Amino acid sequence: MNHGDDTIAAIATGAGAAGVGAVRVSGRLVPEIAKAFLGREPSPRHAHFAAFRDGDRELIDRGILIHFPGPASYTGEHVLELQGHGSAVLLDALLRRCIQLGARLARPGEFTERAFLNGKLDLAQAEAVADVVAATSEASARAALRSMEGVFSARVDDLLAEMIALRVHIEAAIDFPEEEIDFLADPVIGEQLASLRTNLNALLVETRRGVRLNDGITVAIVGRPNAGKSSLMNALAGQERAIVTNIAGTTRDVLRESISIDGVTLELADTAGLRDSVDVVEREGIRRARAQLERCDVAILVTEAEHASADLAFFKGTPAQSARIVVINKIDIAHVPAHRDAHEGHDTLWLSALTGDGLDALRAMLKDLATAGASDGAFSARRRHVVALESVDEHLSRTADALHGSHAGELAAEELRHAQQALGEITGAYSSDDLLGAIFSSFCIGK
Ligand code: GDP
């Protein structure tokens, strides 16, 4: 990626009519461009009221001009902000004038990319900038803001420091081959590694929560054929998406639907009925349903009053990583007991997917699960961060094997080196151009 000498410009505000719109410019030519608009050198970080004119001295707009001299700017370079009226045509004309004065159009995310390359932000913070902009709920916006402020990065850095201390210990041991075994058997090394793994696992839990806050939660809807899974999904999604029929076993594949409850995204998957089947296609569907159950954040078991106890067996035998909700459906035609038993600690809701009775309680419960923990300092994260931490976990587990099993210092050191590299990928201490390209190209232009 070229991060050179050139000066970049873009409209930084959203499309459409608005009171105010802004063009942002970053790079070497900013002082000249600023002078061309203002007619003199602007004072640093001072809001100047200026007439923005084109090459023929024709007025484009009047507005505010601010020069942020580098390196104390967003990108670390000279930055110019031109705030005019939020009209798409005027902003286009203003941008064209900046291009005439020597700037080029910025690529998506290029301002933030420059901020990263100039050490203003680390990679996790840079990603959080895009997540703040894209957030659809207050909970996810706040979480992304915490990551942008460096809350997540600080946790990663703490872990990195711990890891480096351990590496130093182990590498020192390898340097003295005669005493290596004694060195490696030192309980301090074992304790350091154990503490590192504990802290890593705590961070992994919080990072997964961060991904849920950022991306929303995945919800699997499972249950016996005809229990009303498709109907429930349709009712939640508010449209006829899943195929609803009264022939048992029609939902063979996994249907997906993304819905939003007060800005919180839920990725719904309606899975095949979980029952033993001789039909090959349906068996495949059931296999996928079980896989779905293991991967989702929340599993909803849809059942009917008379089958509830028997159907709860579906939840047994699958690992309970996800939150589980039992929905007792069809209360419009079933006898609803005055005393509604909860089922073995699962949240139990009685509702009718057909009439919508009781659906609001389910929506509220799903929203609570999606935003759980958002108020107590949770930070946002991305899937790639979880993948990196899982890789760190794997390398640490191999480090432990190497240390405790064979007292193989070289091997342990090598695994720790890989662990450190995987951890460093989160904040960009180690990063490839491909990774940076993938991250920044998904930004919007002007950010
Ligand atoms: P699935 O096989 O679990 O996906 O079940 P469907 O959603 O296809 O529903 C099976 C049948 O039950 C259909 O005829 C639905 O109209 C009916 N059904 C679903 N939910 C309700 C409900 O709350 N009340 C009533 N009376 N019927 C329902």
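The values are calculated or read from the model by the stated rules, or taken from the named source; none is laboratory data. All values derive from a computational prediction rather than experimental measurement. Here the Cβ is made from the backbone with ideal geometry for all residues, glycine too, and neighbour counts use every protein chain on show.
Some values worked out for this structure:
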read-out: Selected residue [in contact with a helix residue (DSSP H, G or I) (Cβ under 9 Å, 6 or more places away or on another chain) and either more than 30 Å from Ile261 (Cβ to Cβ) or crowded, with 23+ Cβ neighbours inside 10 Å (or both)] from Leu117, Leu91; value: Leu117
read-out: Some residue of the range 94-108 being touching a Cys at 6+ places or on another chain (Cβ under 7 Å), in a loop (DSSP other than H, G, I, E, B) and either over 20 Å from His48 (Cβ atoms) or without any contact (Cβ under 8 Å) to a residue 40 or more places away in the chain (or both); value: yes
read-out: Filter result for the condition that a residue is touching a helix residue (DSSP H, G or I) at 6+ places or on another chain (Cβ under 7 Å) and either within 16 Å of the ligand (Cβ to nearest atom) or at pLDDT 85 or above (or both), over Thr207, Thr250; value: Thr207
read-out: Filter result for Leu293 (more than 11 Å from the ligand (Cβ to nearest atom), in contact with a strand residue (DSSP E or B) (Cβ under 7 Å, 6 or more places away or on another chain) and either small (Gly, Ala, Ser) or at pLDDT 60 or above (or both)); value: yes
read-out: Given (1) assigned to a helix (DSSP H, G or I); (2) over 21 Å from the mean Cα position of the chain (by Cα), number of the condition Ala422 does not satisfy; value: (2)
read-out: Residue among Ser230, Ser195 that alone is crowded, with 18+ Cβ neighbours inside 10 Å, under 33 Å from the mean Cα position of the chain (by Cα) and either farther than 30 Å from Asp131 by Cα or among the aromatic types (Phe, Trp, Tyr) (or both); value: Ser230
read-out: Residue in the range 212-219 that is in a strand (DSSP E or B) and either farther than 30 Å from Thr303 by Cα or within 16 Å of the ligand (Cβ to nearest atom) (or both) present; value: yes
read-out: Residue match in the range 325-341 (condition: in a strand (DSSP E or B), away from the ligand (no atom under 16 Å from the Cβ), modelled with pLDDT of 75 or more and not aromatic (Phe, Trp, Tyr)); value: no
read-out: Selection status of Ile64, of a type outside the set (Phe, Trp, Tyr) and buried (at least 18 other Cβ atoms within 10 Å of the Cβ); value: no
read-out: Residue match in the range 99-108 (condition: of a type in the set (Val, Ile, Thr) and crowded, with 18+ Cβ neighbours inside 10 Å); value: no
read-out: Residues (surrounded by 14 or more Cβ atoms within 10 Å (Cβ to Cβ) and charged (D, E, K, R)) located in the range 420-447; value: Glu425, Lys447
read-out: Residue selected from the range 342-367 under the condition more than 14 Å from the ligand (Cβ to nearest atom) and assigned to a strand (DSSP E or B), by the criterion modelled with the highest pLDDT; value: Thr348
read-out: Residue check for Ala370: in contact with a Leu (Cβ under 8 Å, 6 or more places away or on another chain) and farther than 27 Å from Ile221 by Cα; value: no
read-out: Where a residue in the range 61-85 is of a type in the set (Asp, Glu) and its partner, wherever it lies, is surrounded by 21 or more Cβ atoms within 10 Å (Cβ to Cβ), with Cβ under 7 Å and at least six apart; value: Asp61/Phe52; Asp61/Gly84; Asp61/Leu94; Glu77/Ser26; Glu77/Gly27; Glu77/Arg114; Glu81/Arg24
read-out: Pick from the range 63-83, criterion assigned to a strand (DSSP E or B) and aliphatic (A, V, I, L, M), ranking: farthest from Leu38 (Cα to Cα); value: Val79
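Results for (1) closer than 22 Å to Arg384 by Cα; (2) surrounded by fewer than 17 Cβ atoms within 10 Å (Cβ to Cβ), shown as yes or no for each residue.
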position	(1), (2)
Ala139	yes, no
Val151	yes, no
Leu159	yes, no
Pro177	no, yes
Ala202	yes, yes
